[in-house]
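The values are calculated or read from the model by the stated rules, or taken from the named source; none is laboratory data. Everything numeric here is computed off the predicted structure, so don't read it as measured data. So basically every Cβ, Gly included, is an ideal-geometry build from the backbone, and we count neighbours across all protein chains shown. Ligands, DNA and RNA are stripped out before the accessible areas are found, and what is left, the full protein with its side chains, is counted by its heavy atoms. Shrake-Rupley method; radii C 1.70, N 1.55, O 1.52, S 1.80 Å.
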Amino acid sequence: MFRRVWIALLVVAVAAGLLPVGVRAGADPAVVAEQVRTALLRAQVELEAGTPDPAAAAAALEEARRAYEAGLAESLAAGAPAADAGVRAGLAAAGEAVAGAGGAGAGAALAGARAQVWTGLLDGAYQLASAAIERGNGEAARTWLRLREFRAPTRFSRPSADATRAVERFAAGQVDGPTALVSLRADLLDTYQERLRLSLLELQVAQEKGFTARAAEHGALAAGYFAMLAPAYAEQRGADALRAAEAALGALRTAALAGRPTGAELEKVEEALHGFRAAPLSPEEQARRAGQFRRFLGLVPVEYARGVSGGKVTKEFEIHEAITFQEGAEAAFADLQTLLEQRDATATNGAAAKLSALGHHLHDAAAGKAVASPTVIEALVKEIDGLITPAMPEAWTKRSTAGDFDAVDQLLDQMERAVAAGQYELAESARLEAYAVLETGPEPRLVAFAPQFIPSIENLFWHGSAGAEGLARLIQQKAPLADVKSARAQLDTQLAAASDALAGGDSPVAVGTNAGLIVFREGLEAVLILASLMAGFQRAELRRLRRPLWWGAGASLIATVLTWLLARGVLASLARYGEKLEAIVSVIAVGVLLLITNWFFHKSYWTDWLASFHAKKKGLVSGEVGQWIGLATLGFTSIYREGFETVLFLQALVLDVGNGPVLGGVALGMVGVVLIGFLLFRLQVKLPYKKMLIVTGIFIGSVLLTMVGKLVHSFQVVGWLPTHPIRSVSLPYWFGDWFGIFATVEGIILQIVCGVFVIGSYYLAEWMQHREAAAGASVAHVQSHESRRPDAG
């Protein structure tokens, strides 16, 4: 029944003109090849129709022969004779199948012949494109490359266009021939090896369902794809191994064509292909696959735990997402398995078995057979990671930015699927998870190498900006899938651009320079606060208040060093909470700075007014202790809030080039910070006291406004404050990074409130001073009047 429906659909497609026929000679090779394939497909339809029509099948076959002879035969015979011979052999086999119409196995024989013709055409195009590059003919290479197949896209991979990009750049004179040829071969060989793997899988499925013709087609496809991989196979394993592999594939094709079970033949083919990779992964791709494996594997227990409670599946969607990530980890592991076996076969095989067991657990839960505890899944994932990580080369264990971007991409896919299912709560969870991966992975490097992308990416992740809606806002509003997809497409464009920008920022000089800039920028705020407050304590009676500030600053430096030392261990598990931790520390810093700023103005400008107050309090230890603790806390938080963020950024750079260049950059940045501090202290000494207080007061106020702006932004990023963007204003990234000004209503309003508070405290204190002075003058006047009265004595 299914076969009849399939045939009927093909007949309708051909009749309606949806499949191309009748392309003139001399046309594009890809178009001519499609004409040949379509004509052969029509012959298959006519041969297997309810009432077979051998004449119509023969006519379609003749059309395929004429198209090949007119458009491709001459080129293939001259430049790829083996491929030409394969195409002609396939056409001849097709003729025999049509001639034997009505006989047993005619349909299977024609299906196998079609596959042989098609893979012969692909092989010829591959050889001719390669030869064109070797001759320096970019246009010919571009023409022949259009006749190709792509890797089937999955949730974890996109169709590769490396060969196309390489040929285009070669034609434009941007790369040389050998470089373009390497990219072309790597892309096409990888594609056809993947097609070979899928053909073997489809062969098994077709046999299980009793589809003889389909099994024969995939048996021939497997043999044809391997023919393109044969030179690489012989180079890696020798001529004898190649003959054995070709014999195994030939036996498999024969068994499939005859409709016999192919279990034994498949086993021999898989044994011959085990560990073979026609286009070995580059070191960069190896690191990327390793990053994908570790990221996807780590997400499995997260998704599973969200979908299971009390031994029951509560959210099927989450279980299916856990399965998705397990399959992604398994696919990445398969690409690395041979290389890992060479390093530690025992650990690799053990991890493979546990990875398979993990998949069984997840599928059992999805099917309702048995629901494993989340702790079991988490423990199994830890065991797999514990086996594989020691077996990996050191380069693989470093964070892969490309792998992080892949994980973000898959989590955003998950978000879209949740929106499509109307599960907006799960969509928001996936969005936050994607942002967490971005924040703990690529973002620190973006800060260093490509900060211009951060505002647009954050806006699209969260609440949008002028002309673009943010994903958080759309999900909150339960917007339709089309709107979410549109915002996602814009985000993908920015993420791709950011990923490309990071590809060239790994030189030690660039890393060291950016590390120095980060340290200088983050340290400048702390220096301004400390220098400004120290300036207010120049008087002899106030100098004792400098000590708690120095103690707090010293403690913060020690804490920053400890944070650096722990960054590879404890901090790694807290990295995803970096924004929240920074927000908490910022709250403390801003709160203390507000209090100290207010106290500072009162203490510095109105010392006389406060003298009597402190005279009354000087016997109370609690007042001195509170003052000391406040200043020490300010000294600590002012520096540590910057130190914590700096450590997060710098650790990402350390993963790129090691400690040396980063620490060199840190030293350079610290020199700049110390120099600025020295100049500020010199300025304080030279300025008259009153002017110095005014200057330092302005400094403190500026830093306070910057800190408030960054605090509000941090709260908005983690979702602790609502966000209402000022869509008519678009500020550059550095404006917020240096001055804490972000185009949101909340940020601007709270900065204004903060400024009003500080300025208002000035006028309040001044009014209180005048009131005290007036009250004092009134009392003095009364006392003077009383003393002059005759009866005063």
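Below, the figures for the structure above:
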{"quantity": "Nitroxide proxy distance, nm - points 7 Å out along Cα→Cβ at Asp53 and Trp720", "calculated": "7.5 nm"}
{"quantity": "Positive minus negative residues near Ala129 (Lys, Arg vs Asp, Glu; Cβ under 12 Å)", "calculated": "+1"}
{"quantity": "Of Lys312/Lys354; Lys315/Lys485; Lys354/Lys485; Lys315/Lys478, those spanning more than 25 Å from alpha-carbon to alpha-carbon", "calculated": "Lys354/Lys485"}
{"quantity": "Full-extension gain in nm, Ala172 to Trp550, via 0.36 nm per residue minus C-alpha separation", "calculated": "129.9 nm"}
{"quantity": "Carbon + sulfur, % of accessible area of region 283-448 - ligands and nucleic acids excluded, 1.4 Å", "calculated": "51 percent"}
{"quantity": "Added length on full extension, which subtracts the Cα-Cα distance from 0.36 nm per residue, Ser75 to Glu270", "calculated": "66.7 nm"}
{"quantity": "With DNA, RNA and ligands ignored, accessible area of Trp550 (1.4 Å probe; Å², nearest 10)", "calculated": "140 Å²"}
{"quantity": "Region 95-238, Rg to Rh (Cα coordinates; Rh as Kirkwood inverse mean 1/r)", "calculated": "1.06"}
{"quantity": "Solvent exposure of region 67-121 as accessible area per residue, Å², 1.4 Å probe", "calculated": "34 Å²"}
{"quantity": "Using alpha carbons only: equivalent-ellipsoid semi-axes of region 402-463, gyration tensor based, whole Å", "calculated": "23, 12, 8"}
{"quantity": "Solvent-accessible ranking of Asp500, Asp492, Asp176, largest area first, probe 1.4 Å", "calculated": "Asp500, Asp176, Asp492"}
{"quantity": "List Glu139, Glu439, ordered by accessible area with a 1.4 Å probe, largest first", "calculated": "Glu139, Glu439"}
{"quantity": "Neighbour net charge for Ala77 - beta-carbon separation under 13 angstrom, K R +1, D E -1", "calculated": "-2"}
{"quantity": "Sulfur and carbon atoms: percent of accessible area, region 149-277 [1.4 Å]", "calculated": "54 percent"}
{"quantity": "Region 354-394 - convex hull of alpha carbons, volume per residue in Å³", "calculated": "61 Å³"}
{"quantity": "Spherically averaged projected area in nm², based on the convex hull that wraps the Cα atoms of region 283-448", "calculated": "9.6 nm²"}
{"quantity": "Note, ³J(HN,Hα) from phi for region 238-254, Karplus 6.51, -1.76, 1.60, rounded to Hz, x at Gly and Pro", "calculated": "x, 5, 5, 5, 5, 4, 5, 5, 5, 5, 5, 5, x, 5, 5, 5, 5"}
{"quantity": "Listed residues Arg289, Arg547, Arg260, Arg306 arranged by accessible area, highest first, probe 1.4 Å", "calculated": "Arg547, Arg260, Arg306, Arg289"}
{"quantity": "Probe 1.4 Å, accessible area per residue of region 149-277, Å²", "calculated": "49 Å²"}
{"quantity": "Per-pair calculated FRET efficiency, R0 = 41 Å: Arg165 and Ala667 via Cβ, rounded to 0.05", "calculated": "0.50"}
{"quantity": "Whole-number accessible area per residue in Å² for region 283-448, which is evaluated in the context of all protein chains at 1.4 Å", "calculated": "38 Å²"}
{"quantity": "Qualifying aspartates and glutamates (Cα of each under 16 Å from Cα of Lys268; at least 8 residues distant if same chain)", "calculated": "Asp240, Glu246"}
